[in-house]
Amino acid sequence: MSTRFQRRQEDFACTHCGTQVGGDGYTNHCPACLHSQHVDVHPGDRLAECGGLMAPVAVEQKDGEYRILHRCERCGHQKWNRAAAGDSFERLLAVAASRLGRAMQAEPDFDRRRAAMVAGLQEFGIHDDAVLQAFREVPRHLFVPEDVRPLAYENRPLPIGLGQTISQPFIVAFMLQALELRGDEKVLEIGAGSGYAAALLGRLAAEVHTVERLAELADNARRTLEELEFRNVFVHVGDGSEGLASHAPFDAIISAAAAPTVPEPWLAQLAEGGRLLLPAGDEGGQELQLWLRQDGSLSRRRLGPVAFVPLIGKYGWVQSG
Ligand code: SAH
C-alpha cells in the first residue's frame, strides 16, 4: 500500500479519509479511520531506501551546524545528515544525551510529557475515563530502553530490542477502549514485549496474564512490572498463539502481534460474554478484528486497517530468516 500521510508543516492529512493528524508529525495509524501503514518522517527522522525508519542515533556539531547520524531500524543503513530546520533543539539534545552520554541540560519532565500524551489521545477520540487514567498512571518511559526514553511520550512505536517494538500509544488506547473492561475481568495478552500494555491492562482489569515468546523480553517486562509493583500482572514465556490453557477461560483476549486468522485456541479460551481483539493479516496488510462471544455464539467486527509485528508460532506465522 503506497498511500501516505502527507506532510503539511506540523500537520499531516490521512490521504485515505482526509483527517488531519497533528502534533508530533509521526503516525502509522490515522486516528480516525485507522488507515495505516505509512510512517511519515518525524522532524529529525528519515526514511531509508528499504522503507524502514531512519531514527537519529547520534548528533555532533561541526562548523557551527548540527549533523545527525541516522540509522535505519530495519536494515541498519547509516548516514550523517545535516539537521533540518524542523529539528527541535530539544530533540537534538535528547539524542545527544541518550546516545553520546552527555548530561541533559534539563531533567526531562516525564510527568508533563505524559499529560501531553494523554491530552493527545483525548484529541484523537479516546474518551474512556478508565483508559485515559491508566495512561496517566503508567510511566511508559520506564518500559523502553534508556536511549529512546526521551521519545517515550511521543505517539510512536519505539524499538525495545530483538527487533520488536512497543506499540504506538494511540493504537494501544484504541484497543483497550474497544475491550470495554469494567475492572473485574481476567485478561490474556499475547505479546508482552516491554510489558507496557500489560501494565495498562493491570489498571483496567482484575488479573492479567501476558505471554511472550522471547524470554529476554519477558524477563525485562517482568522486572519492570515488579519494580512498579504490578501484583496482578503475570508474565509467561511461550507460544501465545496457543493461548494459555492453564489459566483459561479469559473475559478478554488481546493480541499485540498479527495472526493470519484468529487462532482457534483463543476462541476456545474466551469466556461467555468475552471480547477478543487481534490484528489479522500479514506484513502487506492487516485489519483489527473484534470477536465477541455472546449467548453461546461468536460474532466478528472489523475495526479497520492496522500494522503490527507478526505472531510467530503454531497458530501464527512461521519465522522467516
Ligand atoms: N504489548 C507490547 C507490544 C509488543 S510487540 C508492549 O506493550 O510493549 C509484539 C510482541 O509479540 C513482540 O514482543 C513479539 O516477540 C511477541 N510475539 C510474537 N509472536 C508471539 C507468540 N507466538 N507468542 C507470544 N509472543 C509473541
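Annotations for the structure displayed:
- Part-to-part distance (alpha-carbon centres) for the stretch 250-306 and the stretch 162-181, which is given in Å: 14 Å
- Paramagnetic label zone (point 7 Å from Cα along Cα-to-C-beta, Asp129; backbone N under 11 Å) in the stretch 259-287: none
- Mean Cβ neighbour count within 10 Å, used as a protection proxy, ranking 229-235, 253-259, 130-136, 173-179 highest first: 253-259, 173-179, 130-136, 229-235
- Label zone at Ala245 (point 7 Å along Cα-to-Cβ), backbone N below 17 Å, the stretch 260-292: 263-271
- Gain on full extension, evaluated as 0.36 nm per residue between Glu180 and Ala206 minus their Cα-Cα distance, stands at 8.0 nm.
- Sorting Trp80, Trp317, Trp266 from the fewest to the most surrounding beta carbons within 10 angstrom yields Trp80, Trp317, Trp266.
- Computed extension length for Arg67-Glu272: 68.1 nm, one decimal, from 0.36 nm per residue of separation with the Cα-Cα distance subtracted.
Since every read-out is calculated from the coordinates, none of them should be taken as a lab result. Predicted model, so just to flag it, every value in this text is computed and none were measured. Glycine also receives a Cβ, built like all others from the backbone with ideal geometry; neighbour counts cover every protein chain displayed.
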